[in-house]
Amino acid sequence: MGWQEGAAMMTRSGTSMAAASVASAALLVRQYFREGWHIAGVADPSAGFNASGALIKAVLIHAGEDLGGTYPFAGGNVAIGRSPSKAGGFGSPNLARVLPLSGDRIQVWVFDSGKGLREGEVAGFLIHPNAEASSGDEVGDVRITLVWTDYPGRVGAQRTLVNDLDLNVSVVGNDGLQFRTNDPLGGKHPKPRRDDVNSVERVEVRIRSGGDSDLPSQDSKLAVRVSAHVLQSAEAQPFALVVTGPRGTRVEAVDDLALLSRAPRACPSVPMVLVAVAFAVALSRRPAHAA
């Protein structure tokens, strides 16, 4: 905390202060899509739409960057570590990471499903990363975030998740290249765990040059499956999906799921319970009218 007598501005950290910052960021996210900035990084009102609450939440979580530092606990200091984590949630949202303007080096693609999925149904997507345009750092990697607004659980229930959706990401044509969801270590794994606790799932795929990449080749494609694993509600479950990657990355919805047949379901495991708390928000070079 910083304070100066007679100063017009002071800095503080903590969840109370972060709540106001993140609420302001949420307004900018809504404005960005309503004014149609997501198509080419410039305002296009004809492409604008009203984003769902799930999409706004997905963008904020997608934008998260590691907090770093430590927090006091049991008489000592504990490292917050990489996100996602119990201490730092998904980190501090930096909207420049997910809402590009014209000329920026990243591309954003969003899917806001009002219809939703019923139990057993699968929505398929194919990502064509533009590996040649990767910046060589994490900003140029492919990040995929799935969020759904779950139905209310029963009072006193030990398990609060009502509808369980799954996010599965793999390299097309290579069963051994799947990716962990909600894992601070990230990266590929032959048997990634399935998160059956949270209504938020995020996957990161490194797109780097010089061999430090999760893709076997520059023309590799990513298969994305959003599946309704277990639904306890009578209604279908809507969801939002956000994808970012190097400029020129393309995403397409896939009706023929046979194209994704080599993207097997993740194996069950005990996932981390996440608390999505942001301690600060970075809105670098983002003018108010542009979000």
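Checking the conditions here, which among ALA63, ALA74 is open to solvent by less than 30 Å² (accessible area, probe 1.4 Å) and among the aliphatic types (A, V, I, L, M)?
Exactly one residue qualifies, and that residue is ALA63.
Any residue at all in segment 156-175 that is at pLDDT 90 or above, in a loop (DSSP other than H, G, I, E, B) and open to solvent by 60 Å² or more (accessible area, probe 1.4 Å)?
no
Given the residues ARG34, ARG30, which is the only one that is among the basic types (Lys, Arg), in contact with a Gly (Cβ under 7 Å, 6 or more places away or on another chain) and over 15 Å from PHE239 (Cβ atoms)?
Within the list ARG34, ARG30, the selection yields ARG34.
Would you call GLY103 in a loop (DSSP other than H, G, I, E, B) and over 16 Å from VAL243 (Cβ atoms)?
Yes: the conditions hold for GLY103.
Which of (1) of a type outside the set (S, T, N, Q); (2) in contact (Cβ under 8 Å) with a residue 12 or more places away in the chain; (3) part of a strand (DSSP E or B) does PRO72 not meet, given it meets every other one?
PRO72 satisfies every listed condition except (2).
Please go through segment 218-240 and pick out each residue that is of a type in the set (A, V, I, L, M) and part of a strand (DSSP E or B).
If the condition is that a residue be of a type in the set (A, V, I, L, M) and part of a strand (DSSP E or B), then LEU222, ALA223, VAL224, VAL226, ALA228, VAL230, LEU231, ALA240 are the ones that fit.
How about segment 22-50: which of its residues are hydrophobic (A, V, I, L, M, F, W, C) and either closer than 21 Å to SER92 by Cβ or open to solvent by 50 Å² or more (accessible area, probe 1.4 Å) (or both)?
Across segment 22-50, the qualifying residues are VAL22, ALA23, ALA25, ALA26, LEU27, LEU28, VAL29, ILE39, ALA40, VAL42, ALA43, PHE49.
Would you point out which residue out of VAL42, VAL108 is within 27 Å of SER220 (Cβ to Cβ) and either under 15 Å from the mean Cα position of the chain (by Cα) or modelled with pLDDT of 85 or more (or both)?
VAL108
Any residue in segment 114-127 that is exposed (fewer than 13 other Cβ atoms within 10 Å of the Cβ) and of a type outside the set (D, E, K, R)?
yes
Can you confirm whether segment 213-226 contains a residue that is of a type outside the set (Ser, Thr, Tyr), modelled with pLDDT of 90 or more and within 20 Å of ASP150 (Cα to Cα)?
yes
Residues being within 19 Å of the chain's Cα centre (by Cα), open to solvent by less than 20 Å² (accessible area, probe 1.4 Å) and over 30 Å from PRO152 (Cβ atoms): count how many of those fall in segment 200-255.
9
May I ask you to list the residues in segment 15-63 that are touching a Phe, Trp or Tyr at 6+ places or on another chain (Cβ under 7 Å) and part of a loop (DSSP other than H, G, I, E, B)?
Selection gives HIS38, ALA43, GLY48, PHE49, ALA51.
Condition (residue is modelled with pLDDT of 90 or more, farther than 21 Å from HIS62 by Cβ and either assigned to a loop (DSSP other than H, G, I, E, B) or in contact with a helix residue (DSSP H, G or I) (Cβ under 7 Å, 6 or more places away or on another chain) (or both)) applied to segment 178-196: is it met by at least one residue?
Checked segment 178-196: no residue is modelled with pLDDT of 90 or more, farther than 21 Å from HIS62 by Cβ and either assigned to a loop (DSSP other than H, G, I, E, B) or in contact with a helix residue (DSSP H, G or I) (Cβ under 7 Å, 6 or more places away or on another chain) (or both).
Here are some conditions: (1) closer than 29 Å to ASP164 by Cβ; (2) at pLDDT 85 or above; (3) assigned to a loop (DSSP other than H, G, I, E, B). LEU126 meets all but one. Which one does it not meet?
With (1) closer than 29 Å to ASP164 by Cβ; (2) at pLDDT 85 or above; (3) assigned to a loop (DSSP other than H, G, I, E, B) applied to LEU126, the lone miss is (3).
The values are calculated or read from the model by the stated rules, or taken from the named source; none is laboratory data. In this text, all values refer to a predicted model and were calculated from it rather than measured experimentally. Every residue, glycine as well, gets a Cβ built from its backbone with ideal geometry; the counts of neighbours run over all protein chains shown. Side chains are part of the model used for accessible areas, which takes the heavy atoms of the whole protein and leaves out ligands, DNA and RNA. Shrake-Rupley method; radii C 1.70, N 1.55, O 1.52, S 1.80 Å.
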